[in-house]
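To start, the structure under review is shown below, and the notes come after it.
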Amino acid sequence: MSKQEWPLYEVFIRSKSGLSHRHAGSIHATDDQMALDNARDTYTRRCEGVSLWVVRSDRIIASDPAETAAFFEPAEDKIYRHPTFYEIPDGVENL
Amino acid sequence: MYTQGLDQGDKETQASAGTPEQLAAFQERIDAEEKIEAKDWMPEAYRRTLIRQISQHAHSEVIGMQPEGNWLTRAPSLKRKAILLAKVQDEGGHGLYLYSAAETLGISRDQMVADLLSGKAKYSSIFNYPTVNWADIGAIGWLVDGAAIMNQIPLCRCSYGPYARAMVRVCKEESFHQRQGYELLLTLCRGSAEQKAMAQDALNRWWWPSLMMFGPNDSESKHSAQSMAWKIKRFSNDELRQKFVDVTVQQAEFLGISVPDPDLKLDKKTGHYTFGEIDWQEFIDVIAGNGPCNKQRLEKRQKAHSDGEWVREAAQAYASKQAARAAA
């Protein structure tokens, strides 16, 4: 057993150009290059991607699920930000 | 592949933390088919059940590389060898997807590996049977992966997000495993009488252990009710086993080989096959560590791990050196 756990990396795959990278899973590696190699071998054995991102999991800043309601609350009462808020009479076209 | 026997163990599941309000709110989310994500609040028992199930599933994938790996150097053609190599590699990959899903629940990879190597952790009973002839490779793909698919398709809708997503990935790859196995057997069955006899022999040996993969009968399955309520599990062991028998018998008929069960017959009223009693003592023995290959499988994994020690050390030393240079 190695003395210390290898760092965890999150893996993101762009499946084809034109699409954004999407989280696929995670991988352990001793360094960045190994993380890329391991991610390729583990997550793209069937040509699932044209581009890979790996990022150390401990470098990701995440919102707190326990605070979800309060954190996203400011957007909740602003229904006027949606086009459906506005009533446009029949007959007006291309709007 | 391969969840099973995963209802066993963990006597502590009663000690669930959380207030009645928290538990009720959690169950409400589950009932509304909301997915639970890694950082969400969850009852301790839910977390432990998942850790046990996902890690056992991962161990099964990793140990599952052995019975097939056994034939890599003896595959009858380059084509079959390349296929088998890809399949064995997939099993390793599935193990990795699943370990990382389990890690989101707060258990470390090293801990899981240590539990497997010490013999504390369980894995699917099916991998404690030997692969004695080439047709066994076909039978594993067709029957073992076939049974695994039955188990795993519903897991794609499991309430725990990271597990469900890993299973989607696994299931996509599993179909190749089953088809290559069936095609391998089809080739044998269309060959000489001797080759066909090999296929029949493999079916004879793998049929019953494959049925055992679904775990104990519903009446004996301890954790099922809770797992169903939490939507970790969607169908009972017996329901899945029945589905498997119903689809597989017809496939055996097409191959022209027969399922080794004198009690097997189609019930015209229900449209389902009825089948003979499973030898549950054998199942219990294999789970308890006394199957034909338990000892060999574990020893091989331990050896692979200790043989790889210097590689892991070297990788770590290299990384530290590079990091030190970059800092200087």
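Quick notes on this one:
- When restricted to residues that are under 27 Å from A:Ile27 (Cα atoms), away from chain A (no Cβ under 13 Å) and surrounded by 21 or more Cβ atoms within 10 Å (Cβ to Cβ), region B:145-176 contains 8.
- Qualifying residue in region B:266-275 (condition: within 14 Å of chain A (Cβ to nearest Cβ) and among the hydrophobic types (A, V, I, L, M, F, W, C)): no
- Counted residues, region B:205-215 - those being more than 16 Å from B:Met150 (Cβ to Cβ) and part of a loop (DSSP other than H, G, I, E, B): 0
- Region B:268-293, residues that are in contact with a Phe, Trp or Tyr (Cβ under 7 Å, 6 or more places away or on another chain) and over 22 Å from B:Ser221 (Cα atoms): B:Pro292, B:Cys293
- Criterion violated by A:Asp41 - all others in (1) within 12 Å of chain B (Cβ to nearest Cβ); (2) in a loop (DSSP other than H, G, I, E, B) satisfied: (2)
- A residue that is more than 14 Å from chain A (Cβ to nearest Cβ), without any contact (Cβ under 8 Å) to a residue 40 or more places away in the chain and over 16 Å from B:Pro209 (Cβ atoms) occurs nowhere in region B:279-292.
- Residue match in region A:46-65 (condition: modelled with pLDDT of 95 or more, touching a His at 6+ places or on another chain (Cβ under 8 Å), in a helix (DSSP H, G or I) and surrounded by 10 or more Cβ atoms within 10 Å (Cβ to Cβ)): no
- Pairing each residue of region B:51-77 that is hydroxyl-bearing (Ser, Thr, Tyr) with any residue that is buried (at least 24 other Cβ atoms within 10 Å of the Cβ), provided the two are 6+ apart or on different chains, yields C-beta distances under 6 Å for B:Ser55/B:Ala102; B:Ser60/B:Tyr2; B:Ser60/B:Tyr123; B:Ser60/B:Ser124.
- Put simply, of B:Asp246, B:Asp145 the only residue that is part of a helix (DSSP H, G or I) and within 22 Å of B:Gln56 (Cα to Cα) is B:Asp145.
- With respect to the conditions (1) away from chain B (no Cβ under 11 Å); (2) surrounded by fewer than 18 Cβ atoms within 10 Å (Cβ to Cβ); (3) within 20 Å of B:Ala166 (Cα to Cα); (4) out of contact with any Asp or Glu (no Cβ under 8 Å at 6 or more places or on another chain), A:Arg22 lacks only one, and its number is (1).
- Every residue from region B:231-248 that is under 30 Å from B:Arg190 (Cα atoms) and either surrounded by fewer than 18 Cβ atoms within 10 Å (Cβ to Cβ) or among the small types (Gly, Ala, Ser) (or both): B:Lys243, B:Asp246, B:Val247
- If you check B:Lys269, B:Lys300 for being within 20 Å of the chain's Cα centre (by Cα) and either at pLDDT 95 or above or of a type in the set (Asp, Glu) (or both), only one passes: B:Lys300.
- Residue list for region A:34-47, filter: of a type outside the set (A, V, I, L, M) and under 16 Å from the mean Cα position of the chain (by Cα): A:Tyr43
- Hits in region B:33-74 (condition: in a loop (DSSP other than H, G, I, E, B) and more than 14 Å from chain A (Cβ to nearest Cβ)): B:Glu33, B:Pro43, B:Gly64, B:Asn70, B:Trp71
- Of all residues making up region A:9-33, the number that are of a type in the set (A, V, I, L, M, F, W, C), more than 17 Å from B:Tyr99 (Cα to Cα) and touching a His at 6+ places or on another chain (Cβ under 9 Å): 2
- Which listed residue is touching a Ser or Thr at 6+ places or on another chain (Cβ under 7 Å), outside any loop (DSSP other than H, G, I, E, B) and more than 30 Å from B:Phe214 (Cβ to Cβ), from B:Ala314, B:Ala319: B:Ala319
- Boolean, B:Ala225 is of a type outside the set (Val, Ile, Thr), surrounded by fewer than 15 Cβ atoms within 10 Å (Cβ to Cβ) and part of a helix (DSSP H, G or I): yes
- Conditions (1) buried (at least 21 other Cβ atoms within 10 Å of the Cβ); (2) over 11 Å from the mean Cα position of the chain (by Cα); number of the one not met by B:Ser124: (2)
- Screening A:Pro7 against (1) touching a Ser or Thr at 6+ places or on another chain (Cβ under 7 Å); (2) closer than 30 Å to B:Ala324 by Cα; (3) not aliphatic (A, V, I, L, M) leaves a single unmet condition, (1).
- Single residue of region B:107-128 satisfying the filter (in contact with a Lys or Arg (Cβ under 7 Å, 6 or more places away or on another chain) and either part of a loop (DSSP other than H, G, I, E, B) or away from chain A (no Cβ under 14 Å) (or both)) that is farthest from B:Glu91 (Cα to Cα): B:Asn128
The values are calculated or read from the model by the stated rules, or taken from the named source; none is laboratory data. Here the structure is a predicted model, which means the values were calculated and not measured. Glycine also receives a Cβ, built like all others from the backbone with ideal geometry; neighbour counts cover every protein chain displayed.
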